[in-house]
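The values are calculated or read from the model by the stated rules, or taken from the named source; none is laboratory data. Just so we're clear, the structure is a prediction, and the values are computed from it rather than from any experiment. Here the Cβ is made from the backbone with ideal geometry for all residues, glycine too, and neighbour counts use every protein chain on show.
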Amino acid sequence: MLAHEVQLIAVNNAGSLAASLLTVFLAGVALRYFLRLEKIPSVTVGLPILGNLQKYSLDPVGFISTATSSHGECFTVPMLFGKTIWLRSPQLNKEYLETREDVWSFGDGMGLFLNKIVIPGYFDQLRSMVGSLSRGISRKATLDYYAQVAEEEAVKSVDAWARTTADKDSVALFEEVSFLVHKIIVRCLMGQDFYDHHVEELYDLLHTMEANVGSILHTILPAWVPHGPARRLWASRDRVQEIFQHRLQEREKSPEQWKNSLDYITYTLQDPATAHLSRFYGAHHTLLMFAAHTSTVASISWTLLELLKSPERLQRLRDDLATTSLEKSPFLDALVKETGRHYSGNSDVRWARKPKTLRTDVASIPSEITIPKGTIVSISPYLTHHDPTAWETPDTYLPERWLDNADLAKKMNEGGQLRYIPFGAGSHRCPGEKMAILVSKTVVSTIVNRCEIAWGEGSSAEMLGGLDFSKVGSPWLKGDVQVRFGRRSR
Ligand code: HEM
């Protein structure tokens, strides 16, 4: 073959290659146009790399709310070394909460925060342990016992608070309710032996873990580096393990004494699904201290605070409780539901183990978006509960909305949309929901029946701080609030 013929063929081939590439490119553009497979928009606020982290830490709700206004219902928030993809619509809430564990993992999401305080291997057992929890604490006899424990502990606490108030001192509401809830959780879930011997030490350990779990050093250093917060978390984890080992050995010495106990450890020891997993109980109860404590404290404290702000509602609740049991009181039910709406957490967290393509009818985002693997995926219950397109006067605390409309929770979650999710939904829906509602109602009704509640020195509705979203779960009040509890003559 002559050289120029070779060149000609090469030119022709190059020409047809270019034409093919052009065709593929145009087809891709057309496909993208029709399917609207655009890239997920990325949020950058302030300084590169640090700006998002700084702004989000200061005001997580404001940050995600502003990002939703400017970027729509699906956007990426890069932070230091990782990124979170946020999904922001009632339809995407449903898709999110119903996605399977092997695709978007709840356990891996929790592991990002809790990996240094639970022993290796625990998250592989999470499904068995949570299944056992759902069964163990939903039985009627167990719930009756938990209500009794909650009432006994609440009575002891209000007596102590009333004595403090008689000495003219007020108490810090969230802090006091926090210790009360911890005592209830330890007695109900761990058992009387843990309560008698370790209740205060476990509370200190919980505080140490809470104070160190959010350190930035966990994000910027490899997991094995022994920096200060990591060492404190490992020491807390090891001490919890020791406590559990010791108590379980003690129980083995007198099995008869524990056979009929209604605490949840007794249940897990008898449940064939979890009896052989006792080395993980310490880790499991560490996770429960986080999962159960923060949001139950918030439920009780915010309800009491709202009653303190509104003497009319406080009187209405007392009138209700005078004529009906706490389980049946419509107003107490409305208060707890509204607290769950108004004061819910700002983010749920999943770790994407596999890529997942979402098909949506949400107007402002492409009809198909692919969430890549290796990212954190989040939704915001708080912003969902404050969405003005779904809720009337969403920023007003209004328990009456639940009285006027008995089916409101159901209606909010109809039509493939989730707009009311204080306890989540799908396979990770909170297994402690019944217990949490029962404990909240019991403690609130015990307090309002036995106590006069008043603002403490220097406190008033106008002086309250903002919402503190730094814990895992529902927000607390920044700076807490001083309250007086006086004995009430009945
Ligand atoms: C008012 C109090 C409570 C609220 C608002 C609450 C809320 C929630 C929510 C929203 C979730 C799902 C999170 C997600 O999908 O990412 C959840 C999960 C969970 N909650 Fe609760 N919770 C409360 C009390 C409790 C209590 C008392 C317990 C234990 C007895 C508990 C144990 C758990 C556990 C173990 C999970 C994880 C479930 C799983 O792995 O599938 N919670 N909770």
Unmet requirement for K116, which otherwise passes all of (1) assigned to a loop (DSSP other than H, G, I, E, B); (2) modelled with pLDDT of 90 or more; (3) of a type in the set (D, E, K, R); (4) farther than 30 Å from W234 by Cβ: (4)
Region 97-142 - residue that is of a type in the set (A, V, I, L, M) and in contact with a helix residue (DSSP H, G or I) (Cβ under 6 Å, 6 or more places away or on another chain) and, of those, surrounded by the most Cβ atoms within 10 Å (Cβ to Cβ): I117
Close pairs from region 417-446: first more than 22 Å from D144 (Cα to Cα) and within 7 Å of the ligand (Cβ to nearest atom), partner polar (S, T, N, Q) and in a loop (DSSP other than H, G, I, E, B), Cβ under 8 Å, at least 6 apart: I421/S344; I421/N413; P422/S344
Residue check, D480 within 30 Å of L53 (Cα to Cα) and loosely packed, with under 13 Cβ neighbours inside 10 Å: no
Near pairs, Cβ below 9 angstrom, 6+ apart or cross-chain, from region 185-203 (closer than 10 Å to Y264 by Cα) to any residue that is of a type in the set (K, R): M190/R247; G191/R247; G191/R251
Close pairs (7 angstrom Cβ cut-off, 6 or more residues apart or separate chains): at positive phi and in contact (Cβ under 8 Å) with a residue 40 or more places away in the chain in region 296-317, among the acidic types (D, E) and not in a helix (DSSP H, G or I) anywhere: none
The listed residue being touching a strand residue (DSSP E or B) at 6+ places or on another chain (Cβ under 8 Å) and small (G, A, S), out of G107, G82: G82
